[in-house]
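Since the structure comes first, as C-alpha cells, the remarks are kept for the end.
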Amino acid sequence: MKESKRILVTGGLGFIGSHLCLRLLKEGHRVLCLDDLSTGRRENLRDLESFPGFEYRNWDISVPSSRTGR
C-alpha cells in the first residue's frame, strides 16, 4: 500500500486543479487546495469537500505572507 502524503495544490478549483485534487484524494492522500477564485470555480468544491482529507483555503499565492510553517 502506498504511503499517504499531504499535498499542496495551487489553483485547485480550476479545471485541471480540481481533477488533480480529486485523483489525489481517491488515492488516499490529504490535499490542501489554495485558490483565490480568480479563474477557479467554487462549484468545483462540491466533489472535493466530501473527502475527509481535503482542505480548501482562499489564498492568492502571488501575495507574500508573513506566516511561516503554519
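Rule-based calculations on the coordinates, nothing more; no lab input. Small disclaimer: the values here were computed from a predicted structure and weren't measured. Cβ sites come from the backbone with ideal geometry, for glycine too, and all protein chains shown count toward neighbours.
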**Prompt:** Does the stretch 36-47 contain at least one residue that is buried (at least 18 other Cβ atoms within 10 Å of the Cβ) and part of a helix (DSSP H, G or I)?
**Reply:** yes
**Message:** For L24, only one of the following conditions fails: (1) part of a loop (DSSP other than H, G, I, E, B); (2) over 13 Å from Y56 (Cα atoms). What is its number?
**Reply:** (1)
**Item:** Exclusive hit being touching a residue at least 24 places away in the same chain (Cβ under 8 Å) and part of a loop (DSSP other than H, G, I, E, B), set S65, S4
**Value:** S4
**Message:** Where the second residue is in a loop (DSSP other than H, G, I, E, B) and the first is among the β-branched types (V, I, T) and lies in the stretch 13-39, which pairs have Cβ atoms under 8 Å and are six or more apart or on separate chains?
**Reply:** V31/G12; V31/L48; V31/F51; V31/G53; T39/G11; T39/G14
